[in-house]
Amino acid sequence: MNKIKLTIDGKVVSGYPNQTILEVASDNGIDIPHLCYHPKLSKSGQCRLCIVRIGGKMLKASCTELAMDGMNVVTEDEGIIAARKLVLGLLLQEGNHNCLYCEANGDCELQRYCRMHDMEPPSREIPFHEREVDYVSSNALRRNENVCILCGRCVRACGELQVSSIWGFAERGHRTHLIADDDRRIGESNCVKCGTCVQLCPTGALSFQPVLGKGLNWELSKESSICIYCGVGCKIDFYTNPQGQLVKAMGNDEGPNKGQLCVKGRFGFDFAQSPKRLSKPLVRKDGILSEASWKEALDFVAAGLTKIKEEHGPDAIAGLSSAKCTNEENYLMQKFMRAVVGTNNVDHCARL
Amino acid sequence: MTNSIGEIPLSEGYLVIGSNTTENHPVIGSMIKGQVQNQGKKLIVADPRRIELAQFADYYFPINPGTNIAILNGFMHVIVKENLYNKEFVEARCEGFEEMAQSLEKYTPEYVANICGIHKAGDIVEAARLMASLKPMALYYSMGITQFVSGVNGVKSTANLQMLLGNMGVEGGGVNPLRGQNNVQGACDMGALPATYPAYQPVASEENREKYEKAWGVKELSTKPGLTVVEIMNAAHAGDVKALYCMGENPIMSDPNQEHVIEALKKLDLLVVQDIFLTETAQYADVVLPSCSFLEKAGTATNTERRVQPMHRVLKPWPGAKDDWWIIEEIANRMGAGWTYNKPADIFEEIRKVTPSYAGITYKRIEKEAIQWPCPTESHPGTKVLHRESFGRGKGLFTAIEYTPPYEETDREYPLVLTTGRILQHFHTGTMTRNSRILDETVPEGWVEIHPNDASNFNFTNGEVISVSTRRGSIRIRVRVAERSKPGVIFLPFHFYESCANRLTVDCLDPVCKIPEYKVCSCKVEKISA
């Protein structure tokens, strides 16, 4: 495809004819403030925060305006800043934003742009329309629409990525609000709890129930790994708090999952910190499994296997490896059975 | 998978057969749904249950359990008869076409509809024509193809169809089995299989024996293929296997015919279980060794598209638990092995040396690159699409495959077909998901799915606890009346110990690959009198 050339903030950049100004800017490392736009979703041009000036005149939403050859784009000037502040002011006016009580504090796109634009608290001359808070209907998701900016990312995420189409908007104007299915609360809907909507929510309007009280966003550390469940191999960013507790799981965009997860990959990891976890080797003594030291247990296993091998031959021993273990561990298990025990009796649950 | 997850948008359409994708591989399920709903791609679904994907499908075939081969042959019958197959591909890349084409002759739409229990034979013709027009079409399957006594033939049939349509070796095509566990692909690649060393090199080969004896510095490796999971249980039951070392598996829940498994385990002289919980199987062990969960581990895992990915340590090891590799090494060294692995990376370096398909993969590379095996050298980018130029054996071999019925047929005493599987919220034997609060709260107990016609015949009401029995055993379970299953077919998830599906399943095996027929057995359902 032929490339096009345009100027953004005095810099000549190139892009493709079907790209929007925001996309070309973003590919060239120029950050244009945006809220309703998300690279994974269709464009709605709702929030108007991403306005830019084209040809020194018109203000246009850069998330929907196609880039054209020879275009001259300015992403920030006095007029643009004033318009963005107006947009942010209206959003603040419309809701009840108090970061002190918000799960997204420190990880909120609205907060980021408000700080960037030095916003003040809204005057309360115009009373805001109190919207629904649903903290109880689902054990997975919480919704506080008073911090919702009606960007519609959740609606599009559910329809375009998860393709469950649970979320939707109802009514018009200042009464516009989110509904699940045919006007149900989320816990009573057909929501499958994949959490994609929460992951893409730019504010704290949607949050994860189990995250609550487990720490502040900037205290969490992040490490990626691969989901333990099915074979898709979703890459997940796991967040832990300073106490070492697992706080949340977020889909990583570089994995085969492209950031998406299912309910198991989102919420299925409590088991790792369950008090039922085994913490001592057990050896059966007089018919009862009793706690033993590692040395005692390992000696017992090695002696037992050696004895059976000597008395009945290596094929009297079998090993089950595990599709839940790493490649390294599976390799070692089959090597152990073949090279140390001397049998090919090694299998795992591939067929089960 | 012969192809990659990232190619889903490149397909013009999909045939999903024997895979409840949106529940068992949900992220791939969503990607397929998205293409169908939002991009106008075509979808054909064949499954005994009206799964979620059926709602999105252009054609949905509610086939009787165990009749995959018949419907695939039916599609191919139409494609061959109407000359819709990819002649260029078949001539240049395949062999055995004539013989297969001959075997397809009797699989007329009417004949197939009768076997599969489908009302409209004409839909088979239309769907076959649609498939032939989709260039390329990807075929996705899962355990609904394999878990039959005819499992191997089922897989071969999927390959027949995709070769016939010329959908092999092209982006957006392929035969794509969705693997059910996060590292089942890797465990197979690593040779955790009774007949093969790493990278599927047969143990019954002198050449391979010598190669591994040299690599491992040992003498007299066995060339006798070992036993598969179910064969191990049978051998234990017969007293031939005396000791079982079981790492991260729960055969009491996962193997067919639970009663038989328990008897077999009780007969062992030594049962060692290495796990994170005191599982149902661990309760019968002589020694239980506490191991680390995946979040406490470093290493690699290989997903269903052959992508080798890094796993990192997210949590500190649970107090008292040890890495699985450390435990194996400790036991091995007590038996004289003299191993000196200090970390997973040491093991991976050895894997690279003895596993040609992994030779070019390094810990460093997979931190940045998405590499799918085969990757023979460090400068090789990996392989997204298999069989591009030729197949492993050279030409793709068409196999004439006849439909054969499942092992157990329904009769007067056991009039219904029982099929088992997973549900979205739980995984395998439930060890992990039932210990995760939100999942456990969402689906706290098992249920059996029964069609309203059957429910009314037996006078069951939704939510009632009934008894389900087979020749192996009996369970009590709550009824869920739903139009998902066909009349005459009931579905049971196997995650729940209290209502264990594998008390009921039959342990007959495919003669070649020894997979058990979890997807079909005959059962009866009864009211529990107060």
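The values are calculated or read from the model by the stated rules, or taken from the named source; none is laboratory data. Remember, it's a predicted structure, so these values are computed and weren't measured experimentally. Note: ideal-geometry Cβ built from the backbone for every residue, glycine included; neighbour counts use all protein chains shown.
Some values worked out for this structure:
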| item | result |
| --- | --- |
| Scan of the stretch A:201-228 for residues that are part of a loop (DSSP other than H, G, I, E, B) and crowded, with 21+ Cβ neighbours inside 10 Å, ordered by number | A:201, A:202, A:203, A:204, A:205, A:227, A:228 |
| Checklist (1) touching a residue at least 12 places away in the same chain (Cβ under 8 Å); (2) buried (at least 19 other Cβ atoms within 10 Å of the Cβ) applied to residue B:121, failing item | (2) |
| Test: residue in the stretch B:233-256 that is surrounded by fewer than 24 Cβ atoms within 10 Å (Cβ to Cβ), among the acidic types (Asp, Glu) and under 17 Å from residue B:516 (Cα atoms) | no |
| Any strands (runs of 3 or more DSSP E) falling wholly within the stretch B:448-521 and containing at least 1 residues that are basic (Lys, Arg) and modelled with pLDDT of 95 or more | B:474-481 |
| Subset of the stretch B:70-119 (residues that are among the acidic types (Asp, Glu) and part of a loop (DSSP other than H, G, I, E, B)) | B:82, B:105 |
| Number of positions in the stretch A:36-80 that are loosely packed, with under 14 Cβ neighbours inside 10 Å and among the β-branched types (Val, Ile, Thr) | 0 |
| Selection from the stretch B:223-248 of residues that are in contact (Cβ under 8 Å) with a residue 24 or more places away in the chain, more than 22 Å from residue B:475 (Cβ to Cβ) and of a type outside the set (A, V, I, L, M, F, W, C) | B:225, B:226, B:228, B:231, B:234, B:239, B:242, B:245, B:248 |
| Qualifying residue in the stretch A:12-25 (condition: closer than 27 Å to residue A:162 by Cβ and either hydroxyl-bearing (Ser, Thr, Tyr) or in contact with a helix residue (DSSP H, G or I) (Cβ under 9 Å, 6 or more places away or on another chain) (or both)) | yes |
| Residue check for residue B:53: modelled with pLDDT of 95 or more and either under 18 Å from residue B:119 (Cα atoms) or not in a helix (DSSP H, G or I) (or both) | no |
| In the stretch A:330-340, residue surrounded by the fewest Cβ atoms within 10 Å (Cβ to Cβ) [restricted to those that are in contact with an Asp or Glu (Cβ under 9 Å, 6 or more places away or on another chain) and under 18 Å from residue A:310 (Cβ atoms)] | A:339 |
| Leading residue by the ranking (surrounded by the fewest Cβ atoms within 10 Å (Cβ to Cβ)) among those in the stretch B:20-52 that are under 17 Å from residue B:485 (Cβ atoms) and either in contact with a helix residue (DSSP H, G or I) (Cβ under 6 Å, 6 or more places away or on another chain) or facing chain A (nearest Cβ under 8 Å) (or both) | B:52 |
| Pick from the stretch A:307-352, criterion of a type in the set (Val, Ile, Thr) and part of a loop (DSSP other than H, G, I, E, B), ranking: nearest to the other protein chains (Cβ to nearest Cβ) | A:326 |
| Of all residues in the stretch B:133-159 being polar (S, T, N, Q) and part of a loop (DSSP other than H, G, I, E, B), the one that is nearest to residue B:420 (Cα to Cα) | B:147 |
| Verdict on residue A:198 being more than 24 Å from residue B:301 (Cβ to Cβ), part of a helix (DSSP H, G or I) and either in contact with a Phe, Trp or Tyr (Cβ under 9 Å, 6 or more places away or on another chain) or not charged (D, E, K, R) (or both) | yes |
| Of the criteria (1) more than 9 Å from every other protein chain (Cβ to nearest Cβ); (2) surrounded by 24 or more Cβ atoms within 10 Å (Cβ to Cβ); (3) closer than 17 Å to residue B:368 by Cβ, which one residue A:252 fails | (2) |
| Hits in the stretch B:386-404 - residues which are surrounded by fewer than 15 Cβ atoms within 10 Å (Cβ to Cβ), of a type outside the set (Val, Ile, Thr) and at negative phi | B:388, B:389, B:390, B:392, B:393, B:395, B:402 |
| Filtered residue count, the stretch B:170-221, keeping only those that are in a strand (DSSP E or B) and more than 7 Å from chain A (Cβ to nearest Cβ) | 7 |
| Candidate set: the stretch B:482-516, residues that are among the hydrophobic types (A, V, I, L, M, F, W, C) and closer than 20 Å to residue B:117 by Cβ; chosen: the one farthest from the chain's Cα centre (by Cα) | B:482 |
| Hits in the stretch B:353-371 - residues which are farther than 18 Å from residue A:331 by Cα and touching a residue at least 24 places away in the same chain (Cβ under 8 Å) | B:366, B:367, B:370, B:371 |
| Residues within the stretch A:275-306 that are assigned to a loop (DSSP other than H, G, I, E, B), under 42 Å from the mean Cα position of the chain (by Cα) and either exposed (fewer than 14 other Cβ atoms within 10 Å of the Cβ) or at the interface with chain B (Cβ under 7 Å from one of its Cβ atoms) (or both), tallied | 8 |
| Candidates A:92, A:100, A:88 - the one that is in a helix (DSSP H, G or I) and closer than 23 Å to residue A:26 by Cβ | A:88 |
| Considering residues of the stretch A:23-82 that are assigned to a loop (DSSP other than H, G, I, E, B) and of a type in the set (A, V, I, L, M) only, the residue nearest to residue A:151 (Cα to Cα) | A:35 |
| Number of the exception - residue B:485 against (1) without any contact (Cβ under 8 Å) to a residue 40 or more places away in the chain; (2) more than 14 Å from every other protein chain (Cβ to nearest Cβ) | (1) |
| So residue B:256, is it assigned to a loop (DSSP other than H, G, I, E, B), in the same structural domain as residue B:355 (by TED's automatic domain parsing), in contact with an Asp or Glu (Cβ under 6 Å, 6 or more places away or on another chain) and not charged (D, E, K, R) | yes |
| Only one of B:241, B:272 that is in a strand (DSSP E or B) and at the interface with chain A (Cβ under 8 Å from one of its Cβ atoms) | B:272 |
| Selection status of residue B:346, more than 23 Å from residue A:265 (Cβ to Cβ) and surrounded by fewer than 18 Cβ atoms within 10 Å (Cβ to Cβ) | yes |
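Rundown of residues vs (1) free of Cβ contacts under 8 Å to residues at least 24 places away in the same chain; (2) out of contact with any Phe, Trp or Tyr (no Cβ under 9 Å at 6 or more places or on another chain); (3) more than 10 Å from every other protein chain (Cβ to nearest Cβ); (4) outside any loop (DSSP other than H, G, I, E, B), yes/no style:
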{"site": "B:400", "(1), (2), (3), (4)": "no, yes, yes, no"}
{"site": "B:407", "(1), (2), (3), (4)": "no, no, yes, no"}
{"site": "B:412", "(1), (2), (3), (4)": "yes, yes, yes, no"}
{"site": "B:420", "(1), (2), (3), (4)": "no, no, yes, yes"}
{"site": "B:427", "(1), (2), (3), (4)": "no, no, no, no"}
{"site": "B:431", "(1), (2), (3), (4)": "no, no, no, no"}
{"site": "B:434", "(1), (2), (3), (4)": "no, no, no, yes"}
{"site": "B:438", "(1), (2), (3), (4)": "yes, no, no, yes"}
{"site": "B:441", "(1), (2), (3), (4)": "yes, yes, no, yes"}
